[in-house]
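Reviewing the structure listed below.
The values are calculated or read from the model by the stated rules, or taken from the named source; none is laboratory data. Just so it is clear, the model here is predicted, and its values are computed rather than measured. Glycine also receives a Cβ, built like all others from the backbone with ideal geometry; neighbour counts cover every protein chain displayed.
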Amino acid sequence: MKRWKRVTAALLCLSLWIPFAGAALEDGTPMELTTPSAILAETATGTVIFEKDADVRREAASITKMMTALLVLEALERGDVQLEDQVTVSSHAAGQKGSQALLDQSASYSVEDLLRTTIMASANDSAVALAEKLCGSEEAFVQRMNQRAQELGMANTCYVNATGYPQEGQYTTARDVMTLSCEVAKHPQYHKYASVWIDTLTHPGGRVTDLTNTNRLVRFYEGCDGFKTGSTDAAKYCLAATAEKNGMRLVAVVLGTPNSQTRFNEARSMLDYGFANYQRTVIANKGDLLGESLPVKGGSAEEVELMLGSGLSMLLRMGQQSGLKLELALPESVEAPIAAGDVLGMVNVLLEGKLIAKLNCVAACDVPRPGFIEGLYRILNNWR
């Protein structure tokens, strides 16, 4: 994207502004949705395409296990636990109600088996066993869940247990589930387990439990490889579904849907709309040379080459790319010394004439002050 216009700027704004932050690209929903709360977003940037009552607090049932899985995945990345580590199942974990992997009390299972059955089969017993492995107790793990939610900016979420099983005081919102989904999407290991349709768990004693993915879209929607379902009498039917096509990953969240099949139908329609009407566009890459230089006063070189100090990709409606223009905002000159990476100006990103983002324009190389010999030579040369 190299449609440049140069503007001289006396003052430089050194902040980076991310476009569309916190605002949906569309007003209302482009389709009729019976689900009370919904949101459609692109995961890499968190850009919301459209939403419906996305900030209303609701129960989300087993979608809660996405946070449980995220904490385990992050612990694996830090090296706090290993996939092959063994976990002894407590009576508390084995006694969980609702969906289960039917773990044997006092038996040992690998972290990997517990994680995949939590993600794929929504196993409450596996989720609690993992919670106890990481933090010693489910209560301590729940504290970490809420702490991580706050770190992610999930201001309307409160966890009371590690499973999402009905318990007073537990709630979230469609927007917060979307935020969580964007974070989980950074972990390929999650999609490895979430994309499996049918599997088995072999218990230490040889008994085998058949496992079926609760997310039907994994089987029936092209590109779908997660995230999570949830359902209780209070929460009704919930789904956070993701799919990736043409290098773009979307997440559709529906909470409180009146019946099971409707949540899949409406999430499918939301994803279809997103893929049909939007594309993720790389506007600029960090380190791209701009083909422009700035005069340097008092430096060992007379000018310094410029490059982008940050990149930008964003979600655009199909056909909008032709309305993009990049505009350089630069001073007339700069003073030495200059270090590579120093911010010297800005690149304004315009869409159909409207400013939508600002990127740092930086020095591509060092320009020190001249050394003594070089300075003396310049003085003598200027006297001639």
Long-range neighbours under 8 Å by Cβ, at least six apart or interchain, first residue in the same structural domain as Ser110 (by TED's automatic domain parsing) and aliphatic (A, V, I, L, M) within the range 73-84, second exposed (fewer than 15 other Cβ atoms within 10 Å of the Cβ) and not in a loop (DSSP other than H, G, I, E, B): Leu83/Ser110
Whichever residue in the range 352-365 is assigned to a strand (DSSP E or B) and free of Cβ contacts under 8 Å to residues at least 40 places away in the same chain and, among such residues, is surrounded by the most Cβ atoms within 10 Å (Cβ to Cβ): Leu355
Which numbered condition Thr242 fails, given (1) part of a strand (DSSP E or B); (2) surrounded by fewer than 20 Cβ atoms within 10 Å (Cβ to Cβ); (3) touching a Gly at 6+ places or on another chain (Cβ under 8 Å): (2)
Residues being under 17 Å from the mean Cα position of the chain (by Cα) and either of a type outside the set (A, V, I, L, M) or assigned to a strand (DSSP E or B) (or both) - total across the range 267-283: 5
Qualifying positions in the range 105-132 - among the charged types (D, E, K, R) and out of contact with any helix residue (DSSP H, G or I) (no Cβ under 7 Å at 6 or more places or on another chain): Glu112, Asp113
Filter pass, Asp55 being surrounded by fewer than 20 Cβ atoms within 10 Å (Cβ to Cβ) and under 21 Å from the mean Cα position of the chain (by Cα): yes
Single residue of Ala340, Ala329 found to be surrounded by 15 or more Cβ atoms within 10 Å (Cβ to Cβ) and either modelled with pLDDT of 90 or more or assigned to a strand (DSSP E or B) (or both): Ala329
The range 66-104, residues that are of a type outside the set (A, V, I, L, M, F, W, C), under 19 Å from Gly230 (Cα atoms) and surrounded by 15 or more Cβ atoms within 10 Å (Cβ to Cβ): Thr68, Gln96, Gly98, Ser99, Gln100
Candidate set: the range 139-157, residues that are touching a strand residue (DSSP E or B) at 6+ places or on another chain (Cβ under 8 Å) and in a loop (DSSP other than H, G, I, E, B); chosen: the one surrounded by the most Cβ atoms within 10 Å (Cβ to Cβ): Thr157
Any hit, the range 158-173, residues being in a helix (DSSP H, G or I) and either closer than 24 Å to Thr257 by Cα or modelled with pLDDT of 95 or more (or both): no
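Tell me, yes or no, whether the range 247-266 has at least one residue that is more than 20 Å from the chain's Cα centre (by Cα) and assigned to a loop (DSSP other than H, G, I, E, B).
Of all residues in the range 247-266, those more than 20 Å from the chain's Cα centre (by Cα) come to 256-266.
When the remaining residues are screened for being assigned to a loop (DSSP other than H, G, I, E, B), the result is 258-259.
Scanning the range 247-266, I find at least one residue that is more than 20 Å from the chain's Cα centre (by Cα) and assigned to a loop (DSSP other than H, G, I, E, B), so the answer is yes.
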Failed item in (1) of a type in the set (Asp, Glu); (2) touching a Phe, Trp or Tyr at 6+ places or on another chain (Cβ under 8 Å); (3) without any contact (Cβ under 8 Å) to a residue 12 or more places away in the chain, with Glu132 passing the rest: (3)
The range 277-290 residues that are touching a residue at least 12 places away in the same chain (Cβ under 8 Å), paired with ones that are surrounded by 13 or more Cβ atoms within 10 Å (Cβ to Cβ) and of a type in the set (Asp, Glu) (beta carbon under 9 Å, 6 or more apart): Tyr278/Glu42; Arg280/Glu42; Leu289/Glu305; Leu290/Glu305
Members of the range 30-58 that are within 16 Å of Leu250 (Cα to Cα), at pLDDT 90 or above and among the β-branched types (Val, Ile, Thr): Ile39, Thr43, Thr47, Val48, Ile49
